[in-house]
Amino acid sequence: MSIRKIVPYLYIAPCILIMGLFVYYPIVENFRFSFYEFSAFSPDKVFVGFENFLNLFQDEVFYIALKNNIWYAVISIIFQVFGGLILAAILEDPVTRFVSGFFRTIFFLPVVISITVIALLFSFVYNPNIGILNNFLSLLGLEEWARAWLGESETAIFAVIAVSQWQSIGYIMMLFIVSIQAIPRELYEAAEIDGAGKVRKFIYVTVPQVREMFFVATLLTLTGAFTVFNEPYILTGGGPGNASEVLGTLLYNSAFFKDQMGYASAIATIILILTLLVSLVQMKLFRTGKDG
Amino acid sequence: METDKATVKYEYNPGTRKLFKQKAILGSVPLYTILLFYFIIIAYPLFWMIINSFKTTEEIFSNSWALPQSWLVSNYVHAWNTGISGYFFNSALVTVSTCLGTVFLSALGAYGLTRFNFKGKNLLLIFCMGGMMLSPQVSLVPLYKLIQVLGIHDTYLALILPYIAYRIPITILLIRAAFLEVPKELEESAFLDGCNTWSVFTKIFIPLNLPILLTGVVLTAYFTWNEFMFALIFIDSEALKTIPAGLMQFRDALQTNWGVLLAGLMISATPIIILFLFMQKYFIRGLASGSVKG
């Protein structure tokens, strides 16, 4: 009898153990670490209270990083969520049905390519001498716009953000496609009888019907924007200077270059709080959205 | 084309069908323009990568827009021998292990969570799902420490174990939804035949849900093959690096040999693109159902 009671726990135990050890325990530890000062190479930790956070709030690079993360969030919402939705609506429109399969596959391709491959490819795209972008601009007679996109502090972060959009629009688009396919056809037919055109059908049928996916997509995009690391790390390393630093690269540099593990943990705690806040706000909005 | 009528609302009467058609075609021009424009943005860099991966560096410099004068397959051989083969092997090994581990453990967990009633079931479910809210970036420092304490730093396990842990929530979610659909009667008759819970799991639940398990494998493979941050930090030895982290080394080693570098990028991207093209259905189902409920 008692053995039968244990059986279900045995099935779940491996998952719980491995997640407890590698997902939950580090989160708790990170919170604790952010109140200490320590090095990766020594077991000694010094308790410093809120000093890491105080230093962080006085660090001007922190504000550059935060500002860049906010740019990331704003631009990603516009391009990935709104752009992805529009592309999905076009591909699900009956007039494009003969080609939509092809375009859908091509638009999704960047999602499955490793970010390292994409980032290295874009270091060619942005290359001041042979880059596609400058070549393209001179083709249009806009030579004076050409520049070293990743090398100048005004453009670096935006060049990096553009790469993320290039890669991820297809992903959000695919989520919206799945969601649009679930909309009952009768709604569109009813709208047509009322004389609605494509644009009005989009605004009055598609948009309200994909509302749930819209919130999911926003949540994914915002969380992604505040935890981004790969693209800035590979493309610019946060440079020139600290111009394209984001919280993720700041964390990495503090931990693995400056060996300030406590300081890095404090940054991680800030990232955790930001992402949890985003989730909470989203859930609240989503709930009110459902009631209304 | 019954739905195209909608583009021209005022002419809505059967007498003007021809006009409809013309207006409908006209109305679809902006849509096709947008598609074509975005197609160029996506396809052109990829096309550029393909053609230039067959050129010499001089040719890339002098004319990166044209097709190669002669197609240098040797770039691929060179890239393969300059380290890509090793990274490729490591990536394959880590990906296969992670996929098997993740899907097997998640299936076990999903079975426990769906076919039994016991104390704390909901709590354990929340525990498993909650992992989806947490980003790996946030645990980087403690994970690094933990991996050193466990003595697995700079081994394959330093990647495989965290990957499995971070992939379990989404995979368990997928598999649980499928397991909930399995009719109770199947199970009950198996128990009457003298099966225990383990043989019900291996003889009924696994074979019956192969498609969803495959979806889990495809999604895990996609994540693992492309993961960069852990691969960069938890592995130091050149010989153990997976493709995403290895490519950084590869770039530094090849500084100016761009044709070979691009060939390396091509080799790295191809397996997962092929996997996607052949398994598109499983892939999209997984992405969609995972995000809706996440």
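In region B:222-231, how many are among the aliphatic types (A, V, I, L, M) and surrounded by fewer than 22 Cβ atoms within 10 Å (Cβ to Cβ)? Steps first, please.
Taking region B:222-231 first, the residues among the aliphatic types (A, V, I, L, M) are B:229, B:231.
Next, only the ones that are surrounded by fewer than 22 Cβ atoms within 10 Å (Cβ to Cβ) stay: B:229.
The qualifying residues number 1.
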Of all the helices (runs of 4 or more DSSP H) wholly in region A:1-104, which have at least 3 residues that are among the hydroxyl-bearing types (Ser, Thr, Tyr) and farther than 25 Å from B:TYR44 by Cβ?
A:2-19
Within region B:211-220, is there a residue that is at pLDDT below 90, away from chain A (no Cβ under 11 Å), loosely packed, with under 14 Cβ neighbours inside 10 Å and over 22 Å from the mean Cα position of the chain (by Cα)?
no
Could you grab the pairs with beta carbons closer than 9 Å, sequence gap of 6+ or different chains, first residue in region B:36-55 and at the interface with chain A (Cβ under 10 Å from one of its Cβ atoms), second one acidic (Asp, Glu)?
B:ASN52/B:GLU59
Residue satisfying all of: in region B:148-162; more than 9 Å from chain A (Cβ to nearest Cβ) and in a helix (DSSP H, G or I); surrounded by the most Cβ atoms within 10 Å (Cβ to Cβ) among these:
B:LEU159
If I ask for residues that are in contact (Cβ under 8 Å) with a residue 12 or more places away in the chain and either of a type in the set (Ser, Thr, Tyr) or in a helix (DSSP H, G or I) (or both), which ones from region B:71-87 would you list?
B:ASN75, B:TYR76, B:HIS78, B:ALA79, B:TRP80, B:THR82, B:GLY83, B:ILE84, B:GLY86, B:TYR87
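For A:SER244, are the conditions met, namely being buried (at least 19 other Cβ atoms within 10 Å of the Cβ), among the polar types (S, T, N, Q), outside any loop (DSSP other than H, G, I, E, B) and under 22 Å from the mean Cα position of the chain (by Cα)?
Values: buried (at least 19 other Cβ atoms within 10 Å of the Cβ): yes; among the polar types (S, T, N, Q): yes; outside any loop (DSSP other than H, G, I, E, B): no; under 22 Å from the mean Cα position of the chain (by Cα): yes.
Here the answer is no, as A:SER244 does not meet what is asked.
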By residue number, the members of region A:117-144 that are in contact with a Phe, Trp or Tyr (Cβ under 7 Å, 6 or more places away or on another chain), in a helix (DSSP H, G or I) and more than 9 Å from chain B (Cβ to nearest Cβ) are A:LEU133, A:LEU137
Name the single residue that is surrounded by the fewest Cβ atoms within 10 Å (Cβ to Cβ) among those in region A:74-105 being farther than 20 Å from A:THR206 by Cβ and at pLDDT 95 or above.
A:VAL74
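The values are calculated or read from the model by the stated rules, or taken from the named source; none is laboratory data. No experiment lies behind these values; they were computed from the predicted model shown. So basically every Cβ, Gly included, is an ideal-geometry build from the backbone, and we count neighbours across all protein chains shown.
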